[in-house]
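In what follows, a single structure is set out as structure tokens and then discussed.
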Amino acid sequence: MQQGTLMRKVKSKSWKKQRYFKLQEDCMTIWYQSKRTGKTESAFSISDVETVREGHQSEVLQSVAEEFPPERCFTIVFYGRRGNLDLVAGSAEEAQCWVQGLHQLIETRSFPLTFALVCRTWIRDWFQKADKNKDGRMNFKEVQRLLKMMNVDMNEDHALRLFQDADKSESGTLEGEEFVLFYKALTQREEVLSLFQEYSEDGKKLTLLELADFLREEQLEDEGTEELAMELIDKYEPSETARARHVLSADGFLMYLCSLEGSIFNPQHRGLWQDMSQPLCHYFISSSHNTYLIEDQIRGHSSIEGYIRALKRGCRCLEVDCWDGPNGEPMVYHGHTFTSKIPFREVVSTLGKTSWGNSSSPQPSMGMSPPSSHPQRYGESTAVQGISQCRIPGHRRHGGTGGQGASLSPTPQELKHKILLKGKKIGRLEDTLDGPGDEAPDMSDDDNGAEAEEERRRAKVRGTQQGSALQKDKETLAQALSDCVIYCKNVPFRGFQEARSHSRPSEISSLSEAKARKLIRDEGNEFVRHNAWQLTRIYPSGMRTDSSNYSPQEMWNVGCQIVALNFQTAGTEMDLCDGLFSQNGCCGYVLKPPFMRDEETLFNPSDPSSWEGPGPTTLTIQVISGQQLPKVANSKEGAIIDPLVRVEIYGVPADQAHQETKYIENNGFNPRWDETLQFQLHVPELALIRFVVEDYDKTSRNDFVGQFTLAFANIKPGYRHIHLLSKDGTSIPPSSLFVHIRITE
């Protein structure tokens, strides 16, 4: 067997092992072979790869930068929280060959036959695991053992009958393609075939008009159904003859249902579909807390990888905690703790390179920077201003537009490719935009002399009151750094009435989760109104030293825009965050509902009846079946899961609910539930739906198997597949649920 490309796998400055890497014939799997032991094992699937970074764009490769030139280095980044794979090729040409090849494979994942290709790859993967002697054959006992590994508990007589039907050579063993036939018989989707035959007159094919009827009546496609039917046939029908006749076979029908068009997530909402010309305060903004930490809050590791991972997940608001460092160089770490430190300049350089990077979103990023000493603040401002020197066109720190056209409420559209700094500021935003603030207002065009005189008097009073505060700020805050703060001046929160009287839309307040909860409980409507015109940031309690998270939903319910979470910690809270921001091109900005953008709104999440909205919406979910569910991590050999499905609703308190199906004993391969769950939603605009699959255990807590979360607004009704994600947000193909969704008002 050809060994492949010899490269160094780098884990640290002292750990560099040589491996032979090779792309398998299926063009979906990368295998590697140890140079020392010759042992070959599956390394990863292309479906798990999010992107490829060239050069020293990881902390590990930066640590060996003096040893290996950037043109030989590249990093493979995986979905979720799986660690990066840092590689050094033998030459720049070899590195480019792999980088370009991987980019091409990643791009072709959107090809219509992806699901079929993933399934075929998955089958071959299992075959190779069970083929211990690597002779390319399996006898019936090996197949039985493999079925256990694949989460299948099957009657022996039935399994033998399927085995013999697939053994075309009558050799008593199954070779590669024969095993594919065996698998296909094993995975016959009766529920899909029944649906297919319901609309097919001859039970063998769907004509163009029959498919159009299905799309209109079941999938609730109300426009251009015949044109859509033609597109789907051209896209998903595997038979050239059937495509020429404009008909869809049962195989093509299944491929459509398993595709993006057949997903529960509305494909029209995957791209940038919302209005991006509203003020910043009208959006929920994906936000992280202590972004540099990738572990706990006390002794955790600080890394630029935290910023890269957060940005790649669509995070738009990052936290940069700056403290005095050696040799006049500011450092980033969690102050007054034992976390490791990283140079501030490295953080700024990383932000300049990756704030947009490979993302399709040019929407603005925001950063935060607490105090360090005055001399080092000058260093901070110099480094921040250095972002504008990045080689990536259009990327720069936002320094204001100046002149009378400058807006105190800028929009994401206006701020594209800009980085905003949130922090303290000397004086007012108007001073930065329009020039010195100590001059009297120009009232030469004002016909009302009394109004002009009154404004001069007020300006003088404001100047007296602010004088001492400004002087104190100037003593500790470098002017150059203050000038970097545009539109996001940090101010203390002293109540909604005080904010309405004295604050500006360009200012922002930060609240702890406990303070926010009290305001939600006591002044819910005022909180919603406040967030209609000014930004609010919520951060986790200091008691969360394990980097756990609070529920972001209760903060979104009152319109808080910047709800900061610990991105490094998997769990329900991050599932909700990923679920909300998976729409709108994953740009990190989601437009709030209209009633949360109105400064005079009556909406209070604790009492939806106080708001004159539409009546309740009924969400009906028929959970039909599951396919190829994964085994529970660290489960015993031969153990097979007993899966159940729980549907959880997150939204205003009146909508919070969950229901679950019964569990199916010993079947994680193709369980069938056929159960209907129903929910009443009073404020569907704020609802998130989380589908969770668990392994039932009557003596202890159920084990997590997979989940998928999305906003109610992104649900596509009809017969849909839900492609499950792992605990860390990674896709686990071909694991899925098959459901039927109905929405009535």
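Every test in (1) over 30 Å from Ser365 (Cβ atoms); (2) part of a loop (DSSP other than H, G, I, E, B); (3) open to solvent by 40 Å² or more (accessible area, probe 1.4 Å) is passed by Asp251 save one, and that test is (2).
Among the criteria (1) over 30 Å from Val152 (Cα atoms); (2) at pLDDT below 95; (3) in a helix (DSSP H, G or I), the one Glu231 does not fulfil is (2). With respect to being in contact with a strand residue (DSSP E or B) (Cβ under 9 Å, 6 or more places away or on another chain), of a type outside the set (Asp, Glu) and modelled with pLDDT of 90 or more, Gly352 falls outside the description. In this structure, Gly579 does not qualify as under 19 Å from Tyr650 (Cα atoms), open to solvent by 30 Å² or more (accessible area, probe 1.4 Å) and either of a type outside the set (Phe, Trp, Tyr) or not in a helix (DSSP H, G or I) (or both).
Mind counting the residues in region 63-105 that are among the polar types (S, T, N, Q) and within 21 Å of Gly729 (Cα to Cα)? Counting residues in region 63-105 that are among the polar types (S, T, N, Q) and within 21 Å of Gly729 (Cα to Cα) gives 2.
Residues of region 509-565 that are closer than 24 Å to Gly423 by Cα, assigned to a helix (DSSP H, G or I) and open to solvent by less than 30 Å² (accessible area, probe 1.4 Å): Glu513, Ala516, Leu519, Phe527, Val528, His530, Met555, Trp556.
If you go through region 271-288 one residue at a time, do you hit one that is more than 17 Å from the chain's Cα centre (by Cα), open to solvent by 30 Å² or more (accessible area, probe 1.4 Å), over 28 Å from Arg690 (Cβ atoms) and at pLDDT 90 or above? Checking region 271-288: at least one residue is more than 17 Å from the chain's Cα centre (by Cα), open to solvent by 30 Å² or more (accessible area, probe 1.4 Å), over 28 Å from Arg690 (Cβ atoms) and at pLDDT 90 or above. Counting only residues that are touching a helix residue (DSSP H, G or I) at 6+ places or on another chain (Cβ under 7 Å) and either assigned to a helix (DSSP H, G or I) or not aromatic (Phe, Trp, Tyr) (or both), region 254-269 holds 11 of them. Of all residues in region 644-658, one or more are in contact with a helix residue (DSSP H, G or I) (Cβ under 8 Å, 6 or more places away or on another chain), surrounded by 16 or more Cβ atoms within 10 Å (Cβ to Cβ), aromatic (Phe, Trp, Tyr) and not in a loop (DSSP other than H, G, I, E, B). Filtered by the rule that a residue be open to solvent by less than 30 Å² (accessible area, probe 1.4 Å) and not in a helix (DSSP H, G or I), region 190-213 gives Ser200, Gly203, Leu206. Within the set Gly638, Gly588, the sole residue that is of a type in the set (Gly, Ala, Ser) and under 27 Å from the mean Cα position of the chain (by Cα) turns out to be Gly588. Taken over region 249-280, the criterion of being out of contact with any Phe, Trp or Tyr (no Cβ under 6 Å at 6 or more places or on another chain) and hydrophobic (A, V, I, L, M, F, W, C) is satisfied by Leu254, Leu257, Leu260, Ile264, Phe265, Leu272, Trp273, Met276, Leu280. Here Leu186, Leu162 are screened, and the one residue that is under 23 Å from Phe738 (Cα atoms) and in contact (Cβ under 8 Å) with a residue 12 or more places away in the chain is Leu186.
Scanning region 697-734 for residues that are of a type in the set (Ser, Thr, Tyr) and within 14 Å of Ala633 (Cβ to Cβ), which turns out modelled with the highest pLDDT? Only one residue tops the list, namely Ser726. Filtering region 682-715 to residues that are of a type outside the set (A, V, I, L, M, F, W, C), under 18 Å from Leu576 (Cβ atoms) and open to solvent by less than 40 Å² (accessible area, probe 1.4 Å) leaves Pro684, Arg690, Glu694, Gly706, Gln707, Thr709, Asn714. Only one of the listed residues (Phe691, Phe669) is among the aromatic types (Phe, Trp, Tyr) and part of a loop (DSSP other than H, G, I, E, B). That residue is Phe669. With the requirement that a residue be open to solvent by less than 40 Å² (accessible area, probe 1.4 Å) and either in contact (Cβ under 8 Å) with a residue 40 or more places away in the chain or of a type in the set (S, T, N, Q) (or both), what does region 54-67 give you? Those that are open to solvent by less than 40 Å² (accessible area, probe 1.4 Å) and either in contact (Cβ under 8 Å) with a residue 40 or more places away in the chain or of a type in the set (S, T, N, Q) (or both): Ser58, Val60, Leu61, Val64.
Within region 483-508, being in a helix (DSSP H, G or I), of a type in the set (Gly, Ala, Ser) and touching a helix residue (DSSP H, G or I) at 6+ places or on another chain (Cβ under 7 Å) holds for one residue alone: Ala499. Of all residue pairs spaced 6 or more apart or on separate chains, those with beta-carbon atoms under 7 Å, a first member in region 540-552 that is among the acidic types (Asp, Glu) and a second member that is open to solvent by 40 Å² or more (accessible area, probe 1.4 Å) are Asp546/Asp296. Val632 falls short of the stated requirement of being within 23 Å of Thr744 (Cβ to Cβ), of a type outside the set (Lys, Arg) and either assigned to a helix (DSSP H, G or I) or assigned by the TED database to the domain that holds Leu686 (or both).
Tell me, please, whether a residue that is in contact with a Cys (Cβ under 8 Å, 6 or more places away or on another chain) and of a type in the set (Val, Ile, Thr) can be found in region 542-557.
no
Restricting region 666-681 to residues that are open to solvent by 30 Å² or more (accessible area, probe 1.4 Å) and modelled with pLDDT of 95 or more, the residue that is nearest to Gly615 (Cα to Cα) is Gln680.
The values are calculated or read from the model by the stated rules, or taken from the named source; none is laboratory data. Quantities reported herein were computed from a predicted structural model and do not represent experimental measurements. Using ideal geometry, Cβ is built from the backbone for each residue, glycine included, and neighbour counts are taken over all protein chains shown. The area values use the complete protein model at the heavy-atom level, side chains included, leaving out ligands, DNA and RNA. Shrake-Rupley method; radii C 1.70, N 1.55, O 1.52, S 1.80 Å.
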